[in-house]
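So the structure is just underneath, and the comments pick up after that.
The values are calculated or read from the model by the stated rules, or taken from the named source; none is laboratory data. This one's a predicted model, so the numbers in the text were calculated from it and none came from an experiment. Note: ideal-geometry Cβ built from the backbone for every residue, glycine included; neighbour counts use all protein chains shown. In case anyone asks, the SASA skips ligands and DNA or RNA and just uses the protein heavy atoms, side chains included. Shrake-Rupley method; radii C 1.70, N 1.55, O 1.52, S 1.80 Å.
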Amino acid sequence: MADGLLIIGSSQAGVSLATSLRALGYADPITLLGDENHRPYQRPALSKEWLQGEITNESLMFRTQEYWLEHRIDVLKNERIIRIDKRDDGSGVAHSMSGREFAFDRLALAVGARPRRLLLDGVDLPGVLYLRNADDALELKARVPDVRDVVVIGGGFIGLEAAASLTKMGRSVTLLEAAPRLVPRAVGEQTSAYLLDHHRAAGIDVVLDAEVRRIVARGDRVGGVELADGRVVPADLVLVGVGVLPNTELAESVGLVCDNGVRVDESALASDGVTVAVGDCANLPNPVPGAPDGDRVRFESVNNAVEQAKVAAYAITGRREEYAGIPWFWSNQGALKLQIAGLSSGHDRTLVRADPERGKFSVLYYRGDRILAADCVNHPLDFMAVRAALSKGLSIPYDAAADPSVQLKSVTVEPAALVAD
Ligand SMILES: Cc1cc2nc3c(=O)[nH]c(=O)nc-3n(C[C@H](O)[C@H](O)[C@H](O)COP(=O)(O)OP(=O)(O)OC[C@H]3O[C@@H](n4cnc5c(N)ncnc54)[C@H](O)[C@@H]3O)c2cc1C
């Protein structure tokens with residue numbers, strides 16, 4: 001009997017790959033294996049609705065047991081793969097920490113990413129937490145009732161989402177960001193400034209240009225965070241959200257090329273031409289139409305995990321489909337719903353569409369006359385219009401978009417029309 005496909009990592013990308021394959025009629029055995037002690041679950045709500053107690057544990061689960069059984073997907077938890085023997089044809093055997101062996105005809109790496117750790121005195125004190133998986137989230141949630149002062153280190157998406165949730169839950173939150181603005185890697189300056197105003201107004205004490213020197217103890221637990229200027233911000237709990245690192249060790253051990261993730265092509269195939277790598281662990285050619293030649297990206301988003309899993313499923317079933325999606329992302333931060341469409345890198349001008357009365361705010365990014373991306377706060381119509389335009393290869397004229405009362409979808413044009421103007 002065929003050994004079939006072994007998917008290492010049973011989160012967003014691994015689950016999407018398994019379900020996409022069955023939807024395409026792939027009939028070989030699928031083993032979907034992960035090292036966590038939970039059924040496959042979704043991460044986004046861990047810093048938001050779930051943390052705030054608005055949704056149940058069960059609602060985080062990807063699929064029911066009946067689905068896995070019915071679709072003959074063998075889902076295994078608590079199995080950490082520590083070694084892989086792989087042959088040139090892509091088949092091999094994976095060895096888990098528990099001593100089990102998993103033979104495969106083909107391998108998929110969906111091993112995701114892990115939090116970047118702070119290297120400072122005091123980081124090992126009880127009460128210094130990270131937030132990547134369900135166990136982290138369970139620990140955080142369990143500690144909240146005993147906590148008054150929280151310091152969040154890192155003003156990226158996870159830090160802001162958790163800070164907003166903890167503020168809503170009545171905690172006093174200070175957020176320390178090393179850069180001069182919030183979410184510096186993923187949004188433009190205008191959006192950063194908007195986020196700053198919003199979160200300060202909501203009660204978060206945001207400190208920019210914050211240089212953390214060490215974590216200080218109170219008794220045998222965390223007691224505060226000391227900054228370079230000597231100030232100590234009191235903390236009963238410190239949450240660190242300073243980015244993630246792709247898990248590439250297994251890929252490297254079997255000789256796959258890695259560079260900020262497992263290097264894959266448009267079809268999610270790694271450098272051996274047969275293993276696939278999907279989701280947060282993969283480094284792929286920038287899929288945005290018109291992106292500079294050779295540009296590569298590693299996304300950390302649900303949308304990317306799902307879209308990349310689809311092309312990987314095609315590759316495994318022998319149909320080459322190129323990933324040419326429009327990246328999109330969302331981040332709910334308390335009352336603020338941020339949605340991002342496209343990639344703004346390479347833009348040369350921006351346009352702000354603000355409706356302060358309704359709390360709507362969008363920034364559109366342009367290179368010349370072509371729209372590249374949009375950051376939309378509480379503005380789903382702008383988000384949907386930009387996403388739809390980008391995915392159809394259309395643009396939205398800058399001048400027409402400058403009137404915030406104009407519905408963007410009503411002014412979408414072929415790029416050729418911009419030249420004719
Ligand atoms: C708190 C939080 C909130 C988020 N919010 C959003 C959001 O609002 N919007 C959005 O688009 N994205 C969000 N994300 C990002 C999104 O969840 C990730 O992009 C997505 O989970 C990536 O899926 P993945 O399967 O590639 O990797 P991961 O989710 O990292 O899963 C990889 C899995 O592989 C397992 N694994 C690793 N190595 C091994 C091994 N050797 N053996 C066995 N198993 C292994 C890991 O334990 C893990 O279970 C959020 C992430 C977090 C943590």
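Spin-label pair E139-V406: with each label point 7 Å from Cα along the Cα-Cβ axis, the two points sit 5.2 nm from one another. Its residues counted as N, the range 335-420 yields a C-alpha radius of gyration over 2.2 N^0.38 Å of 0.99. Comparing mean-square fluctuations of V276, V254, V173 from a GNM of the chain with C-alpha springs under 10 Å, the top value falls on V254. Could you check the simple spin-label distance between R320 and S253, using points 7 Å along Cα→Cβ, in nm with one decimal? Rounded to a tenth, the inter-label distance reads 3.2 nm. When only alpha carbons are used to place a centre, the range 56-122 and the range 255-270 end up 18 Å from one another.
Using a probe of 1.4 Å, the accessible surface attributed to S98 totals some 80 Å² when neighbouring protein chains are kept in position.
Annotation: amide H of V244 within the under-5 Å range of R116, sequence separation 5 or more or interchain, hydrogens built in the peptide plane. Scanning residues 5 or more positions from L129 or on other chains, those with amide H under 5 Å from its amide H are V238, L239, V240, with H placed 1.01 Å from N in the peptide plane. Pairwise Cα distances in the range 117-242 exceed 19 Å for 43 percent of all pairs. For the residues A193, A228, A313, a GNM of the chain with alpha-carbon springs under 10 Å puts the largest fluctuation on A228.
Kyte-Doolittle cut-off 1.0, length cut-off 20 Å along the helix's own axis using Cα: show which whole DSSP H helices in the chain pass.
Long hydrophobic helices here: none detected.
Computed over protein heavy atoms with a 1.4 angstrom probe, the accessible surface ordering of I7, I55, largest first, is I55, I7.
Largest first, the residues R87, R185 sort by 1.4 Å accessible area into R185, R87. Working ranking of peptides 261-273, 119-131 by packing, defined as the average number of other Cβ atoms within 10 Å per residue, highest first, is 261-273, 119-131.
Measuring only protein heavy atoms, the 1.4 Å probe finds T31 accessible over about 30 Å². Counting lysine pairs in the chain whose alpha carbons fall under 13 angstrom apart, excluding pairs fewer than 8 residues apart on the same chain, gives 5. Calculated mean residue ellipticity at 222 nm for the chain: -6500 deg cm²/dmol, from DSSP H runs with n ≥ 4 weighted as -39500 (n - 2.57), summed, divided by the residue count and rounded to 500. Solvent-accessible surface of protein heavy atoms, probed at 1.4 angstrom with all chains present, puts D205, D220 in the order D220, D205, largest first. Relative contact order for the chain: 14 percent, from Cα pairs under 8 Å spaced at least 6 residues apart, divided by residue count. On the basis of the beta-carbon distance and an R0 of 51 Å, D197 and E101 show a calculated FRET efficiency of 0.35. Structural descriptor for the range 335-420: relative contact order 27 percent, calculated from alpha carbon pairs under 8 angstrom and at least 6 residues apart. If you wrap the chain in the convex hull of its Cα atoms and look at it from every side, the mean projected area works out to 22.1 nm². Remark: relative contact order (the range 74-198) = 12 percent; criterion is Cα-Cα distance under 8 angstrom and separation of 6 or more residues.
When both bridge partners sit in the range 117-242, DSSP labels roughly 40% of those beta bridges antiparallel.
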